[in-house]
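The values are calculated or read from the model by the stated rules, or taken from the named source; none is laboratory data. Computed from a predicted structure; not experimentally measured. Neighbour counts run over all protein chains shown; Cβ positions are idealised from the backbone, glycine included.
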Amino acid sequence: MEYRIEKDSLGELKIPKDALYGVQVARAQENFQISGEPLLTEMIQAYAELKKACAQANQELGLLSNELAKPIVKAADEVIDGKHDKHFVVDVFQAGAGTSTNMNLNEVIANRALEIMGKERGDYHSLSPNDHVNMAQSTNDTYPTAMRMAVAMQCKKFDQALAILEHCFHKKAQQFKKVIKSARTHLQDAVPITLGQEFNAHCNTIKGLRKDLADSQAQVMELGIGGSAAGTGLNVHAVCTKSNKAVESEYRAKIQRGIRSD
């Protein structure tokens, strides 16, 4: 296997030449051999959506040049499309509040963006995973934000599954509405009921759970992006910290459009 050499504060480390990840992810592989379980695909996609949005925001603010923003956005789109899943190698369980996950996204997007620019992987002087892909961000705000985004996107699929289950229970309630049986309470026979009544109760329970799911989805729309390190807003443009509600509203509308499109 061919390698390239990357360096961090701990020294040099050999990285597989064909790897899109870099030295910090390689360190995480060494330190967090815990479960062998990879990152969830939904989390990777949501995180890449966030990295793309941050690059576009920093570009609009004039903090990130067009020459860097465009390849970052293109690389993020490729990650969203699942083209680089094999390069997300950190364990799903890790220390540091998800820093290794954040860096896996930063390094994969940075190295792919470097390729798009015609540069070599690991040429972080031209485009840095930290200074450019992770500009004005921290694991403290990006990981919870990406997690909420992933949950919000999955709520739609979960609700669709629950809707099918609710319909099936309703159908059985109608089918069994004339079937008499004994109700049970405290492990003993009780008053007569119909089997249809039991299935109708299941149907109503699922209906209530779907309402709870909708309420929960609204709650996860509140995003922490812009808080940066420990929620201080450190190294974040003032416009970003003041416009979190606008960002939340835009993302909320995007999710709702996605739900309606189905």
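Brief remarks on what is shown
- Test set (1) outside the structural domain of Ser35 (by TED's automatic domain parsing); (2) exposed (fewer than 15 other Cβ atoms within 10 Å of the Cβ); (3) in contact with a helix residue (DSSP H, G or I) (Cβ under 6 Å, 6 or more places away or on another chain) - Lys156 fails condition number: (2)
- Output for the stretch 174-192, where each listed residue is in a strand (DSSP E or B) and exposed (fewer than 13 other Cβ atoms within 10 Å of the Cβ): Ile180, Ser182, Arg184, Thr185, Gln188, Asp189, Ala190, Val191, Pro192
- Residue count for the stretch 49-87 satisfying the condition of being free of Cβ contacts under 8 Å to residues at least 60 places away in the same chain and assigned to a loop (DSSP other than H, G, I, E, B): 5.
- Considering each residue of the stretch 193-215 in turn, none proves to be modelled with pLDDT under 90, surrounded by 15 or more Cβ atoms within 10 Å (Cβ to Cβ) and of a type in the set (A, V, I, L, M, F, W, C).
- Among the residues of the stretch 51-85, those that are of a type in the set (S, T, N, Q) and either loosely packed, with under 14 Cβ neighbours inside 10 Å or over 14 Å from Asn106 (Cβ atoms) (or both) comprise Gln56, Gln59, Ser65, Asn66.
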